[in-house]
Every structure is written in C-alpha cells, then in structure tokens.
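Structure in structure tokens, see below.
The values are calculated or read from the model by the stated rules, or taken from the named source; none is laboratory data. Everything numeric in this text was worked out from a predicted model, so none of it was measured. So basically every Cβ, Gly included, is an ideal-geometry build from the backbone, and we count neighbours across all protein chains shown. Side chains included, ligands, DNA and RNA excluded: accessible areas come from the protein's heavy atoms. Shrake-Rupley method; radii C 1.70, N 1.55, O 1.52, S 1.80 Å.
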Amino acid sequence: MTDGKYTTYWESNKIRHPWVAITSETPMYGLYLCFRKMPSSYEIQIATSQVGEFKDWNWKTLAQEDTRFQHVFQELDGATAVRIKSTQESALQMGFNEIFVFGEGTIPDWVQRWEETEEKADIMFLVAHPDDELLFMGGAIPTYDVAMDKRAVVVYLTWSNTTRRSELLNGLWAMGVRNYPVIGAFSDRYSSTAADAYSKAGKKKILEWITSIFRQYKPEVVVTHDLNGEYGHGQHRMMADACIQGYSLAADEISYPESAAQWGTWQVKKLYLHLYGEEEEQTCFDWTIPMECFGGKSSLDLACEAYLMHVTQEKAKIKIHGKWHVLSMEETGQVFSNTAFGLYATEVGEDETHTDFLEHIE
C-alpha cells in the first residue's frame, strides 16, 4: 500500500470486520483510498484515546462511507490515528491497491473526488475493456465531456481485474472526467467471434444489461466498437452487436419488462460504430487541435496522457495478419483509426457535416 505502485496490493485474511489503522505524529488532513476489495459497508474512524494496543483504543466514527466509488477521498481534521474498518457482518477480504495520507495543505489534483454518474446522458461511450475508450475513440471523451461540457457516460463491459479498474479510473480522471463511469461485472474472456463471446457471458444477460443501461441513462447518442471487433476481439464484436440490438430493445416495453418498469423505455437517437461504413459517409474528427480549455493541449494529448495510466498494458501486443503490433495510442490508433465512425442507426436523419456525434440532436 505504500510503495507508490498500484500494481501491488494488500488484502486481509477472510475475517469479520477487517481493518487497517494508520498513525502519524504529524496531523493528518486527508485520506485517499484505492480499493482492491471493498466491503459492502465500512467506516472511517478516528481514535479518541490511544492507550495500550490498537484493539484497546477508543474509536469514533468519522464517516460511514458508501460504496459507489472504488477510489475515495475523505477529509480529516488533524487526526493522528485513523482506521478504515469493515462493518459488513459476514467474513470477507478487504484489500487496497493504494492508501495515501496527506498533511495540512492543498490536496493534489490527481486525488480523485468522484461525482455521481450523470443521470441523463447526452452521449454514451460504451466499450468492452479498460483502455478501449482511448485506443479506438481517441480524444472523443475529453472533447465531449470536458471541452464541450456535454453529459457523457462512459460504460465498460468489464474492469478486467482490480488493477486495471484503478487504471481506468486514473485515466478518466487525468482527462478531466469527473462523473463516475459505469463498470459492468462481466469477465474479461478472449473470444474470436461475437457468438463465442455471447456464449461465455450469456447472451440474455448481455442484452438485458445493455437494454437496462440505455433505459437508465437515456443517452441521445451511443458510440461503440467496430462490428469486426477492431483486431477481431470477440467481446468488441459482441458489444457492437449488443448495442445494435439494444437500440431497438430499449424502446420496446415488452422486452425485459423489469428494467422497463424501473426506468421506462428509451429510444436512442443515434448509434455510431467505430470504422463503420464507407469512408466518404463516415463522421471523422481531428483530435489534434490545441484547445484553450486544455492549456493548449489537444484532446488526443489528454487521451495519450490517460493511456500512460494503463501501466499493465505497456508491453501488450496484438497479432494482425501475421504481424505483431504494440497496443499504443500511436500504433493502434493508426492501424484502427480512432478518428472514424459510422452512423449505423438514426431517428433524426442522416448526418450532413459528418463532424459531430451530436449533429441534429436538440
């Protein structure tokens, strides 16, 4: 927890009410937790007396934390002893990728203080895995979420593993995203076809999940993977196909009536697929334009900086037509252009300018 690497971690044995206590001669004013395994409920406590061993100290609840966010910041008022304790009644393992403690002063910008996921999305970016939103969508998220100040919701099928979940959160935060993403609970399992991916995940479960996501967040526009799965990944193919089916299912009150009863039905107005269609009909972007709101950087610059947060993918490679390629913003973004998208379905007419996902959206 203290080596500055979120690729390492600590976790407790499987017990009831595991806890971690931190003491400091210098008063503590901030606590930043990056969970590996989070209890269903936990408290942050401060010591009111420090006599004897830890177990004999008196602890007072400072905050009863919710479990919406895997990365959490808590202000402290000069405490010299603080404890994170599970209040979940059943035995469990509690674990952390990182714990940071801050003294008095300004909290660094990289400390994440997440806001709720947008209740209503102007635009939804839906991908299979952490880093897909960067490799295949380039500067789209910082452009729409930050520069254009649209209500963006980023959705992942899977977090892959707890380290990559921290990476995706760190990457989004680095780009300026402040509303927490939606992270599905599906397993990251390589498949070469959409049918195989559906078989492993459960087709009904996937379509029910996509339908409920569309209904809950009511996106005007959805942007997702290539029908061919970019380099052929079956889960990418499955996401494209599931979004196509979800486009109709979410608007049909007969389909998956439980989520219809909970959220109502919803008709997405436009669905874009990465690389879809003929080149002259595609909606294309230049993510390299410097922007004042980014301090002169481009949205692609921010996406590249975000990708550096995905440290476990630094040496990842993919084989395309018998040749190995490094997964990187530079190489992958050129082989599978992260600037080109095709309008697969629309309720508001065909695009005319081909330069804006939100064209014709009120």
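Any chance the range 323-339 includes a residue that's more than 20 Å from residue 225 (Cβ to Cβ), touching a Gly at 6+ places or on another chain (Cβ under 9 Å) and among the charged types (D, E, K, R)?
No, that holds for no residue.
Would you confirm, using the coordinates I've provided, whether residue 227 is open to solvent by 60 Å² or more (accessible area, probe 1.4 Å) and either in contact with a strand residue (DSSP E or B) (Cβ under 8 Å, 6 or more places away or on another chain) or in a strand (DSSP E or B) (or both)?
For residue 227, the condition - open to solvent by 60 Å² or more (accessible area, probe 1.4 Å) and either in contact with a strand residue (DSSP E or B) (Cβ under 8 Å, 6 or more places away or on another chain) or in a strand (DSSP E or B) (or both) - is met.
Could you list, in sequence order, the residues of the range 105-136 that are closer than 30 Å to residue 26 by Cα and of a type in the set (Val, Ile, Thr)?
106, 107, 111
Name the one entry in 322, 296 that is at pLDDT 95 or above, more than 25 Å from the chain's Cα centre (by Cα) and open to solvent by 30 Å² or more (accessible area, probe 1.4 Å).
Exactly one of 322, 296 is at pLDDT 95 or above, more than 25 Å from the chain's Cα centre (by Cα) and open to solvent by 30 Å² or more (accessible area, probe 1.4 Å), namely 296.
So, in the range 270-287, exactly how many residues are open to solvent by 50 Å² or more (accessible area, probe 1.4 Å) and either without any contact (Cβ under 8 Å) to a residue 40 or more places away in the chain or among the charged types (D, E, K, R) (or both)?
5
For the range 11-124, give me every one of the strands (runs of 3 or more DSSP E) that falls completely inside it and has 2 or more residues that are open to solvent by 80 Å² or more (accessible area, probe 1.4 Å).
In the range 11-124, 19-37, 58-65, 71-86 are the strands (runs of 3 or more DSSP E) which contain 2 or more residues that are open to solvent by 80 Å² or more (accessible area, probe 1.4 Å).
Name the residue, out of 44, 22, that is among the β-branched types (Val, Ile, Thr) and touching a residue at least 60 places away in the same chain (Cβ under 8 Å).
Just a single option satisfies the conditions, and that option is 22.
With the requirement that a residue be more than 18 Å from residue 228 (Cα to Cα) and either assigned to a strand (DSSP E or B) or hydroxyl-bearing (Ser, Thr, Tyr) (or both), what does the range 125-148 give you?
143, 144
Residue pairs, Cβ under 8 Å, 6 or more apart or interchain, first in the range 339-353 and buried (at least 18 other Cβ atoms within 10 Å of the Cβ), second part of a strand (DSSP E or B) and among the charged types (D, E, K, R). List them.
Listed by first residue and then by second, the contacts come to 343/270.
May I pose another question? Suppose we filter the range 187-208 for residues that are open to solvent by less than 40 Å² (accessible area, probe 1.4 Å) and closer than 28 Å to residue 252 by Cα; how many remain?
Residues in the range 187-208 being open to solvent by less than 40 Å² (accessible area, probe 1.4 Å) and closer than 28 Å to residue 252 by Cα: 7 in total.
Something else: Say whether the condition of being more than 26 Å from residue 346 (Cβ to Cβ), part of a helix (DSSP H, G or I) and of a type in the set (Gly, Ala, Ser) is met by at least one residue in the range 280-298.
no
While we're on this one: Residues to consider are 156, 144; find the one that is out of contact with any helix residue (DSSP H, G or I) (no Cβ under 8 Å at 6 or more places or on another chain), open to solvent by less than 50 Å² (accessible area, probe 1.4 Å), modelled with pLDDT of 95 or more and within 30 Å of residue 268 (Cα to Cα).
When all the criteria are applied, what remains is 144.
I've got another one for you. From the residues in the range 264-307 that are in contact with a strand residue (DSSP E or B) (Cβ under 7 Å, 6 or more places away or on another chain) and polar (S, T, N, Q), which one is nearest to residue 221 (Cα to Cα)?
Here the residue is 283.
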